[in-house]
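Everything below concerns the one structure shown next.
The values are calculated or read from the model by the stated rules, or taken from the named source; none is laboratory data. All values reported here derive from a predicted model rather than from experimental measurement. So basically every Cβ, Gly included, is an ideal-geometry build from the backbone, and we count neighbours across all protein chains shown.
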Amino acid sequence: EQHDLFVISDEVYEHIVFENARNSAHCYPALAERSFVISSFGKTFHVTGWKLGYCVAPPALSHEFRKVHQFVTFTSFTPAQYAVADMLNECSAEVHELGAFYRAKRDCFVSAMQGSRFNLLPSQGTYFVLADYSAISDESDLDFCQRLTREHGVAAIPLSVFYETPPQSRVIRFCFAKREQTLRDAAEKLKAL
């Protein structure tokens, strides 16, 4: 309010929260009046390729948002929209189980990585865990991730791709939205480094 700012809050992992309670820009009345909360049915219902999401905002902000959105998104395929509507009507309770579902996967991967030379950073939401590999290599994150994939059969995401000017760090991102056996197999390969 002091600086007349508006907030675009990326809350696509809103239901994938582990130890702490969910927090949203819309939890605070004054902030809610100045916020666009963006969320994702794709993340929530495990269909990220569908690219279906939504924006929640006060009426005046929503009106302005729709003016921009009409030029950004051309269409979404109708069967996916019906599928999401069915999921919301018939399986909405499953949304509240997402945190526990992904927490178990995170815990499986973190446990399996015990004894590795990776330093895993805390993950309290989403389905990714960040890992510092500086005890293993001096390579750039891009080179290290490419080598992991080619030589060890484990894919990771270099964080530098998310920055215009990447920070000086040796941190990569692993996805733990996998079968538990896949996570254990990947951990065995990574612990050998």
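In segment 1-17, which residues are out of contact with any strand residue (DSSP E or B) (no Cβ under 6 Å at 6 or more places or on another chain) and either modelled with pLDDT under 90 or not in a loop (DSSP other than H, G, I, E, B) (or both)?
Glu1, Gln2, His15
Do you know which residues across segment 18-38 are of a type in the set (S, T, N, Q) and either in a loop (DSSP other than H, G, I, E, B) or farther than 20 Å from Tyr54 by Cα (or both)?
Correct list: Asn20, Asn23, Ser24.
Select from segment 162-193 the residues that are of a type in the set (Val, Ile, Thr) and at pLDDT 95 or above and write down the one among them that is farthest from Asp143 (Cα to Cα).
Here the residue is Thr182.
Among what's in segment 112-123 and is touching a strand residue (DSSP E or B) at 6+ places or on another chain (Cβ under 7 Å) and in a loop (DSSP other than H, G, I, E, B), pick the residue that is farthest from Leu98 (Cα to Cα).
Phe118
Conditions tested, residue by residue: (1) closer than 25 Å to Ser35 by Cα; (2) not in a helix (DSSP H, G or I).
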{"site": "Leu61", "(1), (2)": "yes, no"}
{"site": "Lys67", "(1), (2)": "yes, no"}
{"site": "Ser76", "(1), (2)": "yes, yes"}
{"site": "Asp86", "(1), (2)": "no, no"}
{"site": "Gly99", "(1), (2)": "yes, no"}
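Residue by residue through segment 24-58, note down the ones that are farther than 28 Å from Ala80 by Cβ and either surrounded by 13 or more Cβ atoms within 10 Å (Cβ to Cβ) or of a type in the set (Phe, Trp, Tyr) (or both).
Tyr28, Leu31, Ala32, Glu33, Arg34
Just one of the numbered conditions (1) assigned to a loop (DSSP other than H, G, I, E, B); (2) in contact (Cβ under 8 Å) with a residue 40 or more places away in the chain; (3) not polar (S, T, N, Q) is not true of Phe174; which one?
Exception for Phe174: condition (1).
Between Phe71, Phe109, which is surrounded by fewer than 16 Cβ atoms within 10 Å (Cβ to Cβ) and part of a helix (DSSP H, G or I)?
Phe71
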